[in-house]
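Here the structure is laid out as structure tokens; the discussion comes afterwards.
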Amino acid sequence: MKGGAAPADPGPVAIICGGGTFPFTVADALIRQGRRVVLFPLSGFADEQAASRYPHYRAHVGQMGRFLRIARREGCRDVVFIGTLVRPAIRELRLDWTTLRLMPRIARIYYGGDDRLISGVGRIFEDFGFRMLGAHEVAPEILVPEGPLGSHSPSPADEADIAQGLAVLRATGDFDIGQAVVVSKNHVLALEAAEGTDGMLERVAALRAAGRIRAPAGQGVLVKAPKPNQDRRFDLPSIGPKTIEGVRRAGLAGIAVVAGETIIAEPQAIVEAADRAGLFVVGIRNSQAVGS
């Protein structure tokens, strides 16, 4: 794994916030540890109302100079980036002078997969003296544990679909496409791409409604795993209550993710929603994971 466990550092942590609840889950975990947090909610993506509960500075994608100036003033050395973010076109970036000076370097990493882009941006932050940390390194309690999370477990047929899904992700991982696949009876129904997991599940539900998927409801598994060579500090697979609703609408049996390498938001809400819907949510061992 790139980016090993971080040594203890009592200083404040800068959290660059994309969309969703994960940034605030991480912030709360750090606060419980006694560490101060400074949030940088990205305009147009982050929930700025939720961010207002913490010390925060609004930022636009492309304002690297603003971040560097404020983070240094606040005494932040450690930086965590977490949350959903749709890649904007370069012409849509709100560039400041620091970012403009970095544009030749940014342009070289911009055209490619998400892991290439995010890892490249992380190296730029490191060159300015910051330490990029994975959310799981500063808040390991946000990771999915091994085994079933609720009252339902995968059947032998589901386990076969899980194995097939991992094999598919292993085969496609080097292309930096996505971290999720839907498999039913060893048939690949969908592979995650630019639409993200929620969009992929909506596509599966639409295919089922259109009669393109003939398997009865209650069959098939959403499988999520990090890419084989992915920098684990950035963009780990994640699940939340919305994932459960997407799986239910797609007519699947459940969700399988890699234990210890998948971030979970609102675990109690996930368990309750999955149990109500009759779905399983399971964390699988590292020995079963992609790239092992």
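Miscellaneous remarks
- In the stretch 44-84, the qualifying residues are those that are without any contact (Cβ under 8 Å) to a residue 40 or more places away in the chain and small (Gly, Ala, Ser), and the one that is farthest from PRO267 (Cα to Cα) is GLY65.
- Within the stretch 145-161, considering residues that are in contact (Cβ under 8 Å) with a residue 40 or more places away in the chain, of a type in the set (Asp, Glu) and under 16 Å from HIS187 (Cβ atoms), the one surrounded by the most Cβ atoms within 10 Å (Cβ to Cβ): ASP161
- Search result, residues across the stretch 84-119 that are aliphatic (A, V, I, L, M) and outside any helix (DSSP H, G or I): LEU85, VAL86, ALA89, LEU93, LEU95
- Taken over the stretch 231-255, the criterion of being within 28 Å of GLU137 (Cα to Cα) and part of a loop (DSSP other than H, G, I, E, B) is satisfied by ASP231, ARG232, ARG233, PHE234, ASP235, LEU236, PRO237, GLY240.
- Residue in the stretch 164-176 that is part of a strand (DSSP E or B) and at pLDDT 90 or above present: no
- The numbered conditions (1) touching a strand residue (DSSP E or B) at 6+ places or on another chain (Cβ under 6 Å); (2) free of Cβ contacts under 8 Å to residues at least 12 places away in the same chain are all true for PHE125 except (2).
- Among the conditions (1) among the β-branched types (Val, Ile, Thr); (2) in contact with a Pro (Cβ under 9 Å, 6 or more places away or on another chain); (3) farther than 25 Å from THR243 by Cβ, the only one that ILE109 does not satisfy is (2).
- Failed criterion for ALA135 (all others in (1) touching a residue at least 12 places away in the same chain (Cβ under 8 Å); (2) over 23 Å from GLY199 (Cβ atoms); (3) not assigned by TED's automatic domain parsing to the domain that holds GLY246 hold): (2)
- Helices (runs of 4 or more DSSP H) within the stretch 1-83 that include 1 or more residues at pLDDT 95 or above, in the same structural domain as TRP97 (by TED's automatic domain parsing) and over 22 Å from the mean Cα position of the chain (by Cα): 64-73
Yes/no matrix, rows are residues, columns are (1) surrounded by 15 or more Cβ atoms within 10 Å (Cβ to Cβ); (2) of a type outside the set (A, V, I, L, M); (3) not assigned by TED's automatic domain parsing to the domain that holds PHE22:
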residue	(1), (2), (3)
GLN179	yes, yes, yes
LEU191	yes, no, yes
GLY211	no, yes, yes
GLY218	no, yes, yes
PRO226	yes, yes, yes
ASP231	yes, yes, yes
SER238	yes, yes, yes
GLU261	yes, yes, yes
GLU272	no, yes, yes
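- Answer residue from the stretch 162-176, given it is among the hydrophobic types (A, V, I, L, M, F, W, C) and in contact with a helix residue (DSSP H, G or I) (Cβ under 9 Å, 6 or more places away or on another chain) and is surrounded by the fewest Cβ atoms within 10 Å (Cβ to Cβ) among those: ALA163
- The set of residues from the stretch 195-230 being touching a residue at least 60 places away in the same chain (Cβ under 8 Å) and within 14 Å of the chain's Cα centre (by Cα) comprises GLY196, VAL223, ALA225, PRO226, LYS227, GLN230.
The values are calculated or read from the model by the stated rules, or taken from the named source; none is laboratory data. Remember, it's a predicted structure, so these values are computed and weren't measured experimentally. All Cβ positions, glycine included, derive from the backbone under ideal geometry; neighbour counts span all protein chains shown.
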